[in-house]
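Input: a single structure, listed below in structure tokens.
The values are calculated or read from the model by the stated rules, or taken from the named source; none is laboratory data. Computed from a predicted model, the values in this text were never measured in an experiment. Positions of Cβ are backbone-derived with ideal geometry, glycine not excepted, and every protein chain shown enters the neighbour counts.
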């Protein structure tokens, strides 16, 4: 049986290039709908940063992680921009349009 973290990493790997998902979506997909923070922690300790695309996970408002584990929000913004995801800045924070770039797991 998979651990919660393994389920998180598997779900995140399903997010295609050019799309994003929220921490809540990942938590629900892993069978723990109230575990968004645990998803964030799992991504923070991602054992394979170049393989598991944790940069494709944003909060429920589409906001990028201000303390992205692998170099800060600027790095997350750059990684998403390289994949064609438009990132806008508002009041010093970065956001993605979830209507346009959100991935629907189904």
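Computed quantities for the displayed model
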quantity	calculated
Unmet requirement for residue 74, which otherwise passes all of (1) in contact with a strand residue (DSSP E or B) (Cβ under 9 Å, 6 or more places away or on another chain); (2) surrounded by 13 or more Cβ atoms within 10 Å (Cβ to Cβ); (3) assigned to a helix (DSSP H, G or I)	(2)
Residue within the stretch 12-21 that is without any contact (Cβ under 8 Å) to a residue 40 or more places away in the chain and surrounded by fewer than 18 Cβ atoms within 10 Å (Cβ to Cβ) present	no
Filter result for the condition that a residue is farther than 19 Å from residue 14 by Cβ, at pLDDT 95 or above and touching a helix residue (DSSP H, G or I) at 6+ places or on another chain (Cβ under 7 Å), over 39, 87, 57	87
Extreme residue, farthest from the chain's Cα centre (by Cα), among residues of the stretch 95-106 that are surrounded by 11 or more Cβ atoms within 10 Å (Cβ to Cβ) and modelled with pLDDT of 95 or more	100
Every pair of residues 6+ apart whose Cβ atoms lie under 8 Å, when the first sits in the stretch 71-99 and is in contact (Cβ under 8 Å) with a residue 24 or more places away in the chain and at positive phi while the second is surrounded by 13 or more Cβ atoms within 10 Å (Cβ to Cβ) and not in a strand (DSSP E or B)	84/18
